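All remarks here apply to the structure that follows.
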Amino acid sequence: MRPPLTGFALAALLLFPAACAADKVHEESNGRVWIEAEDFHSQEKTEKRRWYLTTLKETPQVEPDGDPNHAAGASGGAYLEALPDTRRTHSDKLIRGENFANEPGSVAVLNYRVRFHTPGRYYVWVRAYSTGTEDNGLHVGLNGQWPESGRRLQWCEGKRSWRWESKQRTEANHCGEPGKIFLDIPAPGLHTVSVSMREDGFEFDQMLLTRDPNHQPGN
Ligand SMILES: [Ca+2]
Ligand SMILES: [Ca+2]
Ligand SMILES: [Ca+2]
């Protein structure tokens with residue numbers, strides 16, 4: 001039987017409810033892991049940009065941000081956005097390492113704890129909301145590494161709506177090529193899956209890691 005909560009533990013739970021999400025370990029089951037963006041364990045490299053929680057009731061008070069709250073269509077009624085968003089159109093000044101980061105792991109990094117039972121290749125899908133042409137790039141990584149197959153996730157279609165995508169921006173196709181975004185899990189056990197901003201203003205709702213190369217989550 002679970003022991004009753006001490007007064008101290010109860011006070012800590014009431015004061016720090018967010019600690020519950022931070023402690024979450026995502027569990028792989030049947031070759032799939034679903035991750036809510038807002039259930040991150042930690043974030044780092046937050047000097048220039050940071051991931052802010054947006055919910056049905058709360059909108060981050062960070063300016064500039066060119067568009068309104070999109071929590072109504074988000075899974076769990078919540079998502080994260082990399083703010084501030086100073087580059088919203090192609091004519092806004094591009095500042096590397098600040099409003100744009102082609103190198104993953106350098107700006108606004110989120111970490112998620114995931115327990116895998118089945119090692120192997122997992123294709124990565126992300127649900128995002130893109131308004132313009134400069135808020136639709138992201139990177140994913142594993143255990144502090146940023147493999148080529150996790151770089152430059154790209155969204156082009158489905159502007160102004162929540163959209164699942166798994167495409168890699170390449171020289172040949174700036175709108176991204178399917179089937180190229182994946183993480184190779186080396187062994188069963190606890191791993192850290194990370195997300196790193198490529199463009200500020202990116203809105204991140206959910207992530208799916210799947211062993212099935214043909215599994216496409218519905219929008
Ligand atoms: Ca925005
Ligand atoms: Ca931007
Ligand atoms: Ca969400």
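Each value in this text was obtained by applying a stated rule to the coordinates, not by laboratory testing. Remember, it's a predicted structure, so these values are computed and weren't measured experimentally. Note that we place each Cβ from the backbone using ideal geometry, even for glycine, and neighbour counts take in every protein chain shown.
Using DSSP to define loop residues, name the trypsin sites (Lys or Arg not before Pro) in segment 53-138 whose beta-carbon has at most 14 other beta-carbon atoms within 10 Å. Before the final figure, lay out each step's value.
Numbers: sites: LYS57, ARG87, ARG88, LYS93, ARG96, ARG113, ARG115, ARG121, ARG127; in loops: LYS57, ARG87, ARG88, LYS93.
When the trypsin sites (Lys or Arg not before Pro) of segment 53-138 are filtered for loop state and at most 14 Cβ neighbours within 10 Å, LYS57, LYS93 remain.
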Practice prompt. Could you check which residue among VAL33, VAL107, VAL195 shows the biggest mean-square fluctuation in a GNM of the chain with a 10 Å Cα cutoff?
Written response: VAL33
Practice prompt. Rounded to the nearest 500, what is the 222 nm mean residue ellipticity of the chain from helices alone, with -39500 (n - 2.57) per DSSP H run of 4+ residues and division by all residues?
Written response: -1500 deg cm²/dmol
Worksheet item: Hey, which lysines would be in cross-link range of LYS93, C-alpha to C-alpha under 28 Å, not counting anything within fewer than 8 residues on its own chain?
Response: LYS45, LYS48, LYS159, LYS167
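Chymotrypsin sites (Phe, Trp or Tyr not before Pro) within segment 129-219: which are DSSP loop residues with at most 14 other Cβ atoms inside 10 Å? Don't jump to the answer; show the numbers that get you there.
On the way: sites: TYR129, TRP155, TRP162, TRP164, PHE182, PHE202, PHE204; in loops: TRP155, PHE202.
Filter output for segment 129-219: empty list.
For the chain, which longest stretch is free of loop sites, where a loop site is one of the GluC sites (Glu not before Pro) that DSSP puts outside H, G, I, E and B and that has at most 10 other Cβ atoms within 10 Å? Please report the intermediate quantities before stating the final value.
Values: sites that count: GLU47, GLU171.
The reported range is 48-170.
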Discussion item. Using amide H atoms built in the peptide plane, which far-off residues or other-chain residues are under 5 Å from LYS180 H to H?
Written reply: GLN168
Fill in: Spatial separation of Cα centroids for segment 168-182 and segment 37-96, in angstrom
24
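Is the shape of the chain rounded, prolate or oblate, going by the alpha carbon gyration tensor and its root eigenvalues a ≥ b ≥ c, with a/c under 1.5 for rounded and a/b larger than b/c for prolate? Could the numbers behind the result be given before it?
On the way: a/c = 1.76, a/b = 1.20, b/c = 1.47.
Oblate is the answer for the chain, as a/c is 1.5 or above yet b/c matches or exceeds a/b.
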Worksheet item: So what are the ³J(HN,Hα) numbers for segment 44-51, from phi and the Karplus equation (6.51, -1.76, 1.60; θ = phi - 60°), rounded to whole Hz, Gly and Pro as x?
Response: 9, 6, 9, 5, 9, 9, 9, 8
Practice prompt. Output ³J(HN,Hα) for segment 23-36: one whole-Hz value per residue in order, computed from phi by the Karplus curve 6.51 cos²θ - 1.76 cosθ + 1.60 with θ = phi - 60°, and x for Gly and Pro.
Written response: 7, 5, 10, 7, 10, 6, 9, 6, x, 9, 9, 9, 10, 7
Practice prompt. Identify which of PRO104, PRO84, PRO68 has the largest mean-square fluctuation in a Gaussian network model of the chain, with springs joining Cα atoms closer than 10 Å.
Written response: PRO68
